[in-house]
1. Output the number of the condition that Tyr138 fails; it satisfies all remaining conditions of (1) loosely packed, with under 15 Cβ neighbours inside 10 Å; (2) in contact with a strand residue (DSSP E or B) (Cβ under 6 Å, 6 or more places away or on another chain); (3) aromatic (Phe, Trp, Tyr).
2. Report yes if Phe227 is within 24 Å of Val131 (Cβ to Cβ) and buried (at least 24 other Cβ atoms within 10 Å of the Cβ), otherwise no.
3. Give Gly30, Gly106, Gly34, Gly52 a once-over and let me know the one that is at positive phi and without any contact (Cβ under 8 Å) to a residue 60 or more places away in the chain.
4. Could you list all residues from segment 117-140 that are small (Gly, Ala, Ser) and farther than 15 Å from Ala105 by Cβ?
5. Can you confirm whether Lys234 is out of contact with any Ser or Thr (no Cβ under 8 Å at 6 or more places or on another chain) and open to solvent by 20 Å² or more (accessible area, probe 1.4 Å)?
6. Residue by residue through segment 363-383, note down the ones that are in contact with an Asp or Glu (Cβ under 9 Å, 6 or more places away or on another chain), in contact (Cβ under 8 Å) with a residue 40 or more places away in the chain and open to solvent by 20 Å² or more (accessible area, probe 1.4 Å).
7. How about segment 112-134: which of its residues are in a loop (DSSP other than H, G, I, E, B) and open to solvent by less than 20 Å² (accessible area, probe 1.4 Å)?
8. List pairs: first residue in segment 118-144 and within 22 Å of Gly175 (Cβ to Cβ), second residue β-branched (Val, Ile, Thr) anywhere in the structure, Cβ distance under 6 angstrom, at least six positions apart or on different chains.
Amino acid sequence: MSAFAKAYSPLQIGPLTMRNRFIKAATNEGMAKGGVVSKGLARFHEKVAEGGAGLTTVAYCATSKDGRTFVDQATLDDDSVADFRALTDAVHKHGAAASAQITHAGSFTFLDKRTLQTNKPLSSSGGFNKVGVMSGRYFKKKMDESEIAAMTQEFVAAARRAKEAGFDAVELHMGHGYLLSQFVSKLYNKRRDEFGGSIEKRMNFPSEVLGRVLDAVGKDLAVIVKFSMTDGPKGNTIEDGVAVARRIEADGAHLAVLSNGMNVESITAMFGSSLPKRGARPSNPILRIGMFLQSLTEPPEVQFRENYLRELALRVRGEVSMPLAYLGGVQSRKGVEQAMDDGFDAIAVGRALVHDPAFINQLQAGAVQQSGCTACNRCVTMMYTPGGTSCILTRDGIDPALNTVGAAA
């Protein structure tokens, strides 16, 4: 079987058989106004399913309202199950599977004091909270053992609701600076107890969450882990990333999605190219902070190259045998073949599917050899505009009016 044909062959991850090896990577769509799953969000993922993806990932499903980064993010609670069910039904109608990315922001939240139930946002370590400057929450709280136990239960409860809502998989987000990443990363975790110090100890809490979620839903849903192979120029190195992969393999994760970088400290390590410097002032404060820090600490312009995380991902591939999804700039038939030849089991695609959700089917049919996505990252800055995340080259996408009501309404 050729490398290209392999990409379109079925893949078994845990109890789930994907129809092919293409995963729509989690990309915050900004289509949950007031935290309500909208018809627009359901239609966004339906179009990805219709366009050929084997699995589409619904980004940032918070474990609780306190776990949101912004007000306009959905929570996997009892009130949202029916709307999420409408989304998964739409995806299943086209033969694809749906994954819920389960996340908690920790201290990486822009919710103000009137919105959060806790006085201080929770994190691996206490002290000054640089992200909280935007919302007046200047300090974060070091989680104690009772809070760690309660948070583990939050993740388990969210996973169970994902099953109730018809999802076929859950993705635990251990990267990019959210709560689980705040334990994994040496940039954030300054503890000296069983949850801090070495990478093995820094992984204890995320590992416990993974194990408990596997126990709760692992026989029925694929349990995926997304993590950052490195934190960027500072923080966790690829050696730490390999250790994370070994740990989640030992824990029994069904698939790992290999991402990179942090939302604030190293945003170009995540995207493989600079955020736009002209013509886009995002309303999203995360992006404004990231763009500001980028201007201070990173090269004037980071140019995109296809499969830009290949070298790091190969380091992980060489150390574990578990299924791995390559993520990082696949934009063409050649990029697909490279990822398959490198021994990765699946390919996670983000911006190319924001540009054209039918890209996977078109590539298979030979209608295109290369995505029209230019990796300009303007789609990222569109996240919290009325129509949500979309490509500026194909802006017609989703009607903003669809983003104001529940998906099941």
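1. Status for Tyr138: all satisfied but (2).
2. Answer is yes for this residue.
3. Among Gly30, Gly106, Gly34, Gly52, only Gly34 is at positive phi and without any contact (Cβ under 8 Å) to a residue 60 or more places away in the chain.
4. Passing the criteria: Ser125, Gly126, Gly127, Gly136.
5. It is false that Lys234 is out of contact with any Ser or Thr (no Cβ under 8 Å at 6 or more places or on another chain) and open to solvent by 20 Å² or more (accessible area, probe 1.4 Å).
6. Listed by number, the residues that qualify are Cys373, Met383.
7. Answer for segment 112-134, where residues must be in a loop (DSSP other than H, G, I, E, B) and open to solvent by less than 20 Å² (accessible area, probe 1.4 Å): Leu116, Pro121, Ser124, Ser125, Asn129.
8. If the second residue must be β-branched (Val, Ile, Thr), the pairs left are Pro121/Thr109.
The values are calculated or read from the model by the stated rules, or taken from the named source; none is laboratory data. Remember, it's a predicted structure, so these values are computed and weren't measured experimentally. Don't worry about glycine lacking a Cβ; one is built from the backbone with ideal geometry, like all the others, and counts go over all protein chains shown. In case anyone asks, the SASA skips ligands and DNA or RNA and just uses the protein heavy atoms, side chains included. Shrake-Rupley method; radii C 1.70, N 1.55, O 1.52, S 1.80 Å.
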